[in-house]
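Here the structure comes first, spelled out in structure tokens, and everything after it is commentary.
The values are calculated or read from the model by the stated rules, or taken from the named source; none is laboratory data. As the structure is a computational prediction, the values presented were derived from the model and not from experiment. Glycine also receives a Cβ, built like all others from the backbone with ideal geometry; neighbour counts cover every protein chain displayed.
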Amino acid sequence: KSSGAAMLDSDLKIQLQAYLQKLTRPVELVATLDDSDKSRELRELLVELTHLSDRVSLREASDAGERTPSFAIASPGHDISLRFAGIPMGHEFTSLVLALLQVGGHPSKLAPDTIERIRALEGRAPDGVLLFETFFSLSCQNCPDVVQALNLMAVLNPKIKHVAIDGALFQNEVDARQVIGVPTIFLNGEVFAAGRMGVEEI
């Protein structure tokens, strides 16, 4: 059961509140949860985030097709497909904060030509969609670079979808897909890369 303890300490909340003032459009957190302890932890974290900005809202969805617990970060009227499967704390907390800011309209510091290249990307499938799935661990120091790069790509290009997956919470999938290290990235179901990379390399 829930410990009742806050997921975020007071100093972190103050910092985060200041960051979230940079949001220029609404951000909707769309959670897929069940009755598990991890779902309760995730709900606590998401509720705390909504208390830090009136631009951030939470909705629970009964989407059987999604990993549980997980949540999407969306902005009404914008075609962005970005999801965390698991609870992005530890090294991935920065990835969560950046995703909130970027989905909420805060501009990236990427060079304009890099942004244009990302916006021009599309897949070979008939619909052109590039679905990236990144397996990470909360203790992995290299994983956030990859997660943040792919999240930003998903914000910039509606053809790009990204799911960041905490391997520790989805061990059956890790085993089934033979993930032996993190970060491991799948693109449209096939292994794309393992190890560290940045936006320039993707």
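Data table
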read-out	value
Arg83 vs. criteria free of Cβ contacts under 8 Å to residues at least 40 places away in the same chain and not acidic (Asp, Glu)	no
Candidate set: region 113-145, residues that are in contact with a Gly (Cβ under 9 Å, 6 or more places away or on another chain) and part of a strand (DSSP E or B); chosen: the one nearest to Val174 (Cα to Cα)	Phe135
Qualifying residue in region 161-174 (condition: in contact with a helix residue (DSSP H, G or I) (Cβ under 7 Å, 6 or more places away or on another chain), part of a strand (DSSP E or B) and over 15 Å from Pro88 (Cα atoms))	yes
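Here is a yes/no grid of residues against (1) in contact with a strand residue (DSSP E or B) (Cβ under 9 Å, 6 or more places away or on another chain); (2) assigned to a loop (DSSP other than H, G, I, E, B):
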site: Leu49; (1), (2): yes, no
site: Arg59; (1), (2): yes, no
site: Asp63; (1), (2): yes, yes
site: Ala72; (1), (2): yes, no
site: Phe93; (1), (2): no, no
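Yes/no matrix, rows are residues, columns are (1) within 14 Å of the chain's Cα centre (by Cα); (2) modelled with pLDDT of 95 or more:
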| residue | (1), (2) |
| --- | --- |
| Met153 | yes, yes |
| Pro158 | no, yes |
| Val163 | yes, yes |
| Asp166 | yes, yes |
| Ala176 | no, yes |
| Gly181 | no, no |
| Ile185 | yes, yes |
| Ala194 | no, no |
| Gly198 | no, no |
